[in-house]
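One structure is given here, and the rest of the page talks about it.
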Amino acid sequence: MEKIFKVADSLTMKQRHHKSIIMIMPALLRLLYSTAIRTGEAISITNRDIDFAGHVITLNDTKNGCRRLAPLNSTMEAVLKQIYKNLQKVEHAFRDLKSDNISLRPVFHLKELQTKGHVLLCMFAYAIIKEMENRLYPFLKTTNLSQKRQLSFNDLTAELDNIKICELKIGNGVTLIQRSDLNPLQQEILDALNIDPEKIINQLWKKSKR
């Protein structure tokens, strides 16, 4: 069974289809194995049929038409609760993609490739924002508590927006890359993100020499 579960966990969708059950296959197989219920009974289960407090699942759509209860062990409860958490993460991700920070829509492109490119860039932006949140939220918590501040994630990104980098051409083909001086908060943010501004400037300078 472990091999079957492992294969189910590795399933991926090659084509999107609103009726595909690949995404629920890992949980479905574990549910069938742990409760011995029929496949049709498992697929018909809704959220309100699951009673975590009573450790049972109510089966309404059974073969003989009679309602019955299926036991729910602790391992299966953990699997189902994780599915709820994953669903919440997906819903939260869709909200973030439609927020002002990313603006997945409205989409102003008419061609398919352009639309796909727009969505792909939004996904990259979402990944960057989540990585920044993961690194900056511990910093925010510590800073707000220790210094009695009320800073938010948007406050930190606004501070980063104030960092300016410019290219200076001083004649004879000489080009310099300079940045604005960092205030203490900006330096703390970059340290939390593990970003070395001088390293970035050196990379920009090397690109300008090509």
How many angstrom lie between the C-alpha centres of the stretch 138-210 and the stretch 22-59?
51
Segment Ile22-Met1, extension gain: residue separation times 0.36 nm, minus the distance between their alpha carbons
5.8 nm
Over 31 Å (Cα to Cα) among Lys85/Lys111; Lys130/Lys169; Lys3/Lys85 -> Lys85/Lys111; Lys130/Lys169
Mean separation of Cα contacts under 8 Å, 6 or more apart, over the residue count of the stretch 74-210: relative contact order %:
14
Can you pull the one-decimal nm distance between simple spin-label points at Ala53 and Asn73, each 7 Å off the Cα toward Cβ?
2.5
Roughly what would the spin-label model give for Lys89 and Phe108, points 7 Å off Cα along C-beta, in nm?
3.4
By per-residue mean of other Cβ atoms within 10 Å, what is the highest-first order of 97-109, 117-129?
117-129, 97-109
With charges only on Cβ, +1 for K and R and -1 for D and E, what is the dipole size of the stretch 41-176 about its Cα centre, in debye, rounded to 20?
40
Using the charge dipole of the chain (Lys, Arg: +1 at Cβ; Asp, Glu: -1 at Cβ; taken about the Cα centre), state which of Asn202, Ala192, Phe5 has its Cα farthest towards the positive end.
Phe5
Summing -39500 (n - 2.57) over the DSSP H runs of n ≥ 4 in the chain and dividing by its residue number, what mean residue ellipticity at 222 nm do you reach, to the nearest 500 deg cm²/dmol?
-18000 deg cm²/dmol
Which of Gly117, Pro71, Ser146, positive extreme of dipole for the chain (C-beta unit charges)
Gly117
Straight-line reach only, C-alpha to C-alpha below 19 angstrom: list the lysines that Lys164 could link to, leaving out same-chain residues fewer than 8 apart.
Lys199, Lys206, Lys207
Distance between modelled label sites at Thr39 and Ala8, nm, 7 Å Cα→Cβ extension:
1.2
Which loop chymotrypsin sites (Phe, Trp or Tyr not before Pro) in the stretch 16-88, with loop taken from DSSP, have no more than 14 other Cβ atoms within 10 angstrom of their Cβ?
Phe52
Taking the Cα centre of the stretch 112-153 as origin and charging only Cβ (+1 Lys, Arg; -1 Asp, Glu), how large is the dipole, in debye to the nearest 20?
300
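Every number here is computed from the coordinates shown, using simple stated rules; none is lab data. Just so we're clear, the structure is a prediction, and the values are computed from it rather than from any experiment. Cβ sites come from the backbone with ideal geometry, for glycine too, and all protein chains shown count toward neighbours.
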